[in-house]
1. Tell me which strands (runs of 3 or more DSSP E) are completely within segment A:21-118 and hold 1 or more residues being more than 21 Å from B:Glu48 (Cα to Cα) and in contact with a helix residue (DSSP H, G or I) (Cβ under 8 Å, 6 or more places away or on another chain), or say none if there are none.
2. Could you grab me the full set of residues in segment A:429-451 that are polar (S, T, N, Q) and within 14 Å of another protein chain (Cβ to nearest Cβ)?
3. Does segment A:533-554 contain any residue that is over 24 Å from A:Gly599 (Cβ atoms), open to solvent by 20 Å² or more (accessible area, probe 1.4 Å) and not in a helix (DSSP H, G or I)?
4. Within segment A:506-532, work out how many residues are assigned to a helix (DSSP H, G or I) and not small (Gly, Ala, Ser).
5. For segment B:340-358, how many residues meet the condition of being small (Gly, Ala, Ser), within 16 Å of ligand 2 (Cβ to nearest atom) and in a loop (DSSP other than H, G, I, E, B)?
6. Just one of the numbered conditions (1) open to solvent by less than 10 Å² (accessible area, probe 1.4 Å); (2) over 19 Å from A:Leu84 (Cα atoms); (3) of a type in the set (Phe, Trp, Tyr) is not true of A:Tyr376; which one?
7. When you scan segment A:44-60, do you find a residue that is open to solvent by 30 Å² or more (accessible area, probe 1.4 Å) and touching a Lys or Arg at 6+ places or on another chain (Cβ under 8 Å), even just one?
8. Can you report the number of residues in segment A:358-393 which are hydrophobic (A, V, I, L, M, F, W, C), closer than 28 Å to A:Thr255 by Cα and facing chain B (nearest Cβ under 10 Å)?
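The values are calculated or read from the model by the stated rules, or taken from the named source; none is laboratory data. On a predicted model such as this, the values are computed, not experimentally measured, just so you know. Backbone-built Cβ (ideal geometry, glycine too); neighbour counts: all protein chains shown. SASA here: full protein model, heavy atoms, side chains in, ligands and nucleic acids out. Shrake-Rupley method; radii C 1.70, N 1.55, O 1.52, S 1.80 Å.
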Amino acid sequence: MSEPRAATEAPVPGRVVRAAGAIVRAAGLAPSVGEVVLVGERRLFGEVIRLEEGVATVQVYEETAGLCVGDPVVATGRPLVAWLGPGLLGTVLDGLERPLRRLAETEGPHLAAGGAGDDDRAAGDRPVGIDAHRRWTFTPLRRPGDRVGPGDVLGEVQEGPIRHRVLAQADLGPAVVLELREAEATVESAVGLLECADGRLQPVRLASPWPVRRPRPVARRLPVERPLVTGLRVLDMLFPVAEGGAAVVPGGFGTGKTVVEQSLARWSDVDVVVYVGCGERGNEVAELLATFPSLADPRTGGALLDRTVLIANTSNMPVAAREASVQLGMTVAEYFRDQGLRVALLADSTSRWAEALREIGGRLEELPGEEGYPAYLASRLAAFYERAGRAVALGAPERTGSVTLVAAVSPPGGDFSEPVTQASLGLGGALWALDTELAHARHFPAIGWTQSYSLYLDALEPWYAANVDPAWPRLRTAAMETLARERKVLDVVALVGADAIPESDKVVLAVARLVREAFLRQHAYDPVDAARPPAVQVALLRAVLAADAGLRAALDAGATLEAALASPVLAELARANAWSGEDVLARLADLERRVADLGAAGGTGAEARAVAAAGAETPGATGPGMAEVAGTAAAGAGPVEAAPEGSA
Amino acid sequence: MRLSSVRQLGVDRIAGPIVVLRRVAGMGLDEEVLVVGPGETRHGRVLELSGDLAVVQVYEGTFGLEVGSTGIEPTGEPFRLGVSDAMLGRVFDGRGRPVDDGPAIVADRVLDVGGAPMNPAARDHPVNFIETGVSAIDLLASLVRGQKLPIFTGPGLPASTLAARIAIGARLPGDERFVTIFAAMGVTRREADEFRDAFSSSASVERIAVFLNLADDPVIERLLVPRCALTLGEHLAFGLGLDVLVVLTDVLAYGEALRELSTAREEIPGRRGYPGYLYTDLATLFERAGRLRGRPGSLTVLPVVSMPDDDITHPVPDLTGYITEGQIVLSRDLHGRGIDPPIDVLPCLSRVMNAGIGAGRTRAEHRLVADQLYASYARGCELRRLVTVIGEAALSPVEQRLLAFADEFETRFVGQGRARRTLDETFEAAWAVLRRLPRSELRRLPDDVLDRAYPEPR
Ligand SMILES: Nc1ncnc2c1ncn2[C@@H]1O[C@H](COP(=O)(O)OP(=O)(O)OP(=O)(O)O)[C@@H](O)[C@H]1O
Ligand SMILES: [Mg+2]
């Protein structure tokens, strides 16, 4: 047990007057709101969230069992901070930035309350999340006598694939470099000295603290202009999120939120991934830890873990720290943005954070809003989403970076009308609505096309035109329309039966099925298909959509629809998602041509029919969910099939 | 231990399972206290401290307590349970006291039943297949060591029987067996007896410890039962290196107890009157499942969850689904048709299955066979619905065989009856029904697999 602090530092400790769960009230203390306090004999980490008539209300980030009325409460004079600097990459941190892997070695497999007796950490004086002993090679980029301002790059440190720029502090006024030397330094040792305008001397260190609730300032915000390329067809082609934008991913349990977040962590085209497991499963963190060190970063070829920061506050860890974990994640993401890097912040799940707000609000006896959530739920979420974005960082030389937020939401009962989903929808620019029906039909990713949307389409069009395919908007619209028409036709089929609809409607059903099964479906664990470059995606989309013209031409040429659908070319199309290799684009282009030419080729015959009966299956793919329900699997030409609804 | 005979008299308020009393100096949050009424001592836990008062939940309920004559005594500690492997083969009440004729338990260790959260970085990712002997689970929703996999059930469905079969049947490669801890929360004596009888008849009774809080036992004690069971489970698994299965039944009754307590505390309710922290509370139970890196032993948790009205969106099954790693779902329809166990395969899922199956663990073709069974069965079910509209005559010959396949799959493959099947037998049963379909229908299976199991007739 740690000794109480020297009396000079905390002259009059306050006293606990009331305690329930994570909420403690203390009297005899004059802290400020947001100040970190240490509660009880075990010096539990807490934060003042309200002050009234000499009583401070504290949310405690650690387990409070055993706390007594009359226990001491000590103010630290500091807000909750994150320590930012080299050594963050590859770490696993809890919501208070404690290094979980190191704790597992030193403290055993379970987490104890009481901060491992580290007083300096508790006071925020020293970094703990980043290894304080490791030495880094610091290369100065400025010279003694140089004038520097806030955010200016003073020097740099290489960590794996990432170059950390050591920046002049954002709250620094104009200053002059007195000293800056090349050094093998730990994050704590000074590598230089600045003299501020008021004559104050400020040492330069590789790591510095930042209050997690305060957005890091930027020089200026930039509009979005390119997508976050994810490798998932349904996202990149239909519902892209812009780099610097925000996507909301709501879905009932087991619909695939975590698989989407983890796919993005693996495949998305960014420099740094910050993954926040907030109130979710310990085994999911263990899985990332088990697989990421051996998975290659698709961009650099290095280990995936080397571009990743994992923040884990699992569901059984103290509730109040869930909020700290998402704020910590955002602050770390902003830190890398300010380095001029592109960052993805993947938060799974923001509902658990909102529930923590509700639980704490309940203990404060606040007047609740909808479903017991505090009235400030929406404004808290908004403040968080607002921190995502593209920006020019403060200081010289100019650096542009971005934070793209992908926030999972876990609506109770899968019902999107609940407050957290609704509040999030107003904040994100893309909605990836996970659909329980699709998940049950093992259509993965189960992103429903009826409810999902992207508000970034117009802003991204130039990028797609220049980098992927100028026809992308048209192709996207064609795919969306096909799916919309499928729904309408199916409504008619439900009324009059499948036989009564015209041939042209049957073509719609057939093409829509190809869009769903040959294009939208993508198995997260398939070695080839898990993520595809946009050029391959668009080539496949072209080939799939060509079936519309092809089938109509075949009908015009006198073939029956059944015969046209039995063409081996379509069977090939159904498997084209598994194609890889150098010539894949050429092969897809050739396939597109042959699909469009169905009218001319018109392969019929029993053998061809058997091949086409394979529908849009993907043989050889492994992993769960390759199974499909009937209807989507109905063989051959039978348009009597119930397509899973695109939305509830 | 801070033994104390300090007793403070004076009750401020009694409300449902809650008493508000004058606190004793030094009394801590979550501490176990004795609530001493006229001629009787009960047990409670401190939920809240405020000035001179303590809010205490009383496990035995407050019925019969009086405002004037009730007092409180601190114990100085949270509720702790003495644990030992000698507890296997024994029966305990909801607070962990023996209720059979056996000797007193000499504890190896005395542990806070609240447990401490596992550091996620200390976890080992679950990868070892458990052969339960139940075909539908082993092949299609495989259980993995350290997983938490609930059984979703409805009133009258044989979930406890299935849980008992899994517990008795569970084997690791090399025929390693499991020990089981059965925590009954608000179930009937009949169900609890059934569960235990299953163990006696299979001569496994020395491999099970039972904690009983039956339907007529104090409601608030239900909050303690799973914690006692999991605490013993952690000791056996991580202290002694055993493979442990904890069956928690019925989680709905647990949730209702929590709701009762929350209502008495006048907390702001979340959905359907359940407290907003139901998710967190359940997670602190289920997340105790797992494996630790560098240690033998595992804790696998099988919660049994009733769905009122067979409604899977009810908060208790819904939040359970949000915490656990998949689900086994029982079907009233299959049960009605005499299929035993009545597992509805389509909504079943094991999320950690992939890591536990395949070459070197089960069989290389495990995933493919599972996908083929799932796809063909799903298609058969769809055709069944269709037939009610268009009649069977309208189906093609292949479709008629798919229809027959779906029936056989239910009766022969899922409905295996009482017998335990090894994984080999499960695969044989799978092939026996798959061979009912034309080989050309089995499109998910590559030729080399088919050539071995379904040779073309020559
Ligand atoms: N893209 C995918 N490809 C293949 N399988 C998938 C995919 N998405 C989801 N699945 C399957 O669905 C299961 C559940 O997915 P996941 O764990 O992501 O759900 P979730 O929405 O995060 O649920 P919860 O809210 O309970 O955490 C996975 O274990 C996997 O079997
Ligand atoms: Mg998830």
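1. Passing ranges, in order: A:35-39, A:72-79, A:81-84.
2. At the first step, the residues of segment A:429-451 found to be polar (S, T, N, Q) are A:436, A:450-451.
Within segment A:429-451, just A:Thr436 meets the criteria.
3. yes
4. Taking segment A:506-532 first, the residues assigned to a helix (DSSP H, G or I) are A:506-520.
Then drop every residue that is not not small (Gly, Ala, Ser), which leaves A:506-509, A:511, A:513-517, A:519-520.
Matching residues across segment A:506-532 total 12.
5. Of the residues in segment B:340-358, 0 are small (Gly, Ala, Ser), within 16 Å of ligand 2 (Cβ to nearest atom) and in a loop (DSSP other than H, G, I, E, B).
6. (1)
7. Yes.
8. Step one: list which residues in segment A:358-393 are hydrophobic (A, V, I, L, M, F, W, C), which gives A:360, A:364, A:367, A:375, A:377-378, A:381-384, A:388, A:391-393.
This time we only want the ones that are closer than 28 Å to A:Thr255 by Cα, so: A:377-378, A:381-384, A:388.
With facing chain B (nearest Cβ under 10 Å) added as a condition, the list becomes none.
Number of matching residues: 0.
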